[in-house]
Structure formats: structure tokens, C-alpha cells
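Report on one structure; see the data block that follows.
Every number here is computed from the coordinates shown, using simple stated rules; none is lab data. On a predicted model such as this, the values are computed, not experimentally measured, just so you know. Cβ sites come from the backbone with ideal geometry, for glycine too, and all protein chains shown count toward neighbours.
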Amino acid sequence: MLPVMKRRTLHRAVFSAAAVYNVLWGLYAAVDPQWLFRFAGMPSLNHPAMFACLGMVIGVYGICYAEVARRPEHGFLLAAVGLLGKLLGPIGLAALILQGEWPPATLVLCLTNDFIWWAPFTLYLYDAWPFYRRTFAPEGPGTESAARAPSASGH
């Protein structure tokens, strides 16, 4: 049996909050896909279903975060993908702002979807790394090669 993860209660609370936030954000984006464009004073989208689809993706991340909250010792990859999205999203938005395609007011997206989660997700990944790493450690001398080597019949 694995030991309990450091700050397990904190991580469960953070990922529970992230799950609820993402599901609610996704639902709101699906119901009102023009909200960001109104907020930022931009023209309405010609195809609001595209922003609604973004909401669906954000909402699905919420399901992944709920799983991390449920089993924090086993959520490293899900949280790593989540943090990667929270890093890449602002980079893409920064490019749009720097190119003058979107106004700085659209940074509101990154405040609540990305920036506030960087520190707690990074801390979680730091604490979860030893548990993730153990999944790749051999169980004993010679067991790794025996477990992964194909049999003589090729199966």
C-alpha cells in the first residue's frame, strides 16, 4: 500500500473546486457563447457554436479534475495535461493580444481559467510525482524485463 500523499486534503479540495468551476464555466459558455465578446467590446461571433464547443472542452476537463480529487495519488497525468492547457492557453491569448486581434480585456479568460490554478496544480504535481514515478519502478530484480518481454510464441 502506498503512503498518503503530502497535502492530500488540500489537493482534493483544489481539484474538487477546479472540477466544479470547469463544469459551471463550460455550461455557461454553452448557454451564452457571446459573453466574452460582449464583455470585451468585441463584435459578436458569426459562429457562436465554436465558443460553446470550447465550453464543452473546458467542462470535460472538470470531469478529469474530479477524478484527480477522488484519487489524488493516481492523477498525475490528468493534472499535468490540465496544467499544460493552463500554460498554453495564455500563450495563445497573448499572441492574439500582441497581434492586435483581441483586446487586453479578454485576459479575463486567463485570470480564472488559468492563472489562479498554476500554483496549486504545480504543487500537486510536485507532491504526486513520487506516486507516478513508482508506477514505472520495477517490482524486483529481473521482473521488469520478464514482464515486458514477449514470450517465445510472440504473444
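Tabulated results
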{"item": "Long-range HN-HN contacts of residue 102 with modeled amide H, under 5 Å", "result": "97"}
{"item": "Environment charge of residue 77, counting only residues whose C-beta is closer than 13 Å and scoring Lys/Arg +1, Asp/Glu -1", "result": "0"}
{"item": "Percent breakdown of C-alpha pair distances by 5 Å bin, ordered from the shortest bin, for the stretch 88-130", "result": "5, 22, 22, 18, 12, 10, 7, 4, 1"}
{"item": "Within the chain, helix-based [θ] at 222 nm, where runs of 4 or more DSSP H residues each add -39,500 (n - 2.57), nearest 500", "result": "-21500 deg cm²/dmol"}
{"item": "Principal axis dimensions, the stretch 1-109 - Cα atoms, whole angstrom, descending", "result": "56, 29, 18"}
{"item": "Under Karplus coefficients 6.51, -1.76 and 1.60, residue-wise ³J(HN,Hα) of the stretch 5-13 in Hz, glycine/proline x", "result": "5, 4, 6, 4, 4, 4, 4, 5, 5"}
{"item": "For peptides 34-45, 63-74, 82-93, sequence by mean Cβ density within 10 Å, most packed first", "result": "63-74, 82-93, 34-45"}
{"item": "Point-charge dipole on Cβ atoms (K/R +1, D/E -1) for the stretch 67-136, about Cα centre, debye to 20", "result": "260"}
{"item": "Extension gain (nm, one decimal) between residue 47 and residue 119, 0.36 nm per residue minus Cα-Cα", "result": "22.5 nm"}
{"item": "Magnitude of the charge dipole, the stretch 1-83, Cβ model with Lys/Arg +1 and Asp/Glu -1, debye to 20", "result": "360"}
{"item": "Cα long-axis angle, helix 116-134 against the chain (0 to 90 degrees, to the nearest 10)", "result": "10"}
{"item": "Residue order, fewest to most beta carbons within 10 Å, for 14, 31", "result": "31, 14"}
{"item": "The stretch 22-27 - phi-based ³J(HN,Hα) in whole Hz, Karplus 6.51/-1.76/1.60, Gly and Pro as x", "result": "5, 5, 5, 4, x, 5"}
{"item": "Footprinting exposure proxy for 27, 54 (fewest neighbouring C-beta atoms within 10 Å first)", "result": "27, 54"}
{"item": "The stretch 1-54, relative contact order in percent, only Cα pairs under 8 angstrom and at least six apart counted", "result": "31"}
{"item": "4 °C / 1.567 mPa s Stokes-Einstein diffusion coefficient of the stretch 61-139, Kirkwood radius on C-alpha pairs, µm²/s", "result": "93"}
{"item": "Whole-Hz ³J(HN,Hα) from phi, Karplus 6.51 cos²θ - 1.76 cosθ + 1.60, for the stretch 73-89, glycine and proline x", "result": "5, 10, x, 3, 5, 4, 5, 5, 5, x, 5, 4, x, 6, 8, 6, x"}
{"item": "Rounded tilt (10° steps) of 49-70 against the dominant C-alpha axis of the chain", "result": "40"}
{"item": "Exposure proxy order (Cβ contacts within 10 Å, fewest to most) of 106, 122, 9", "result": "9, 122, 106"}
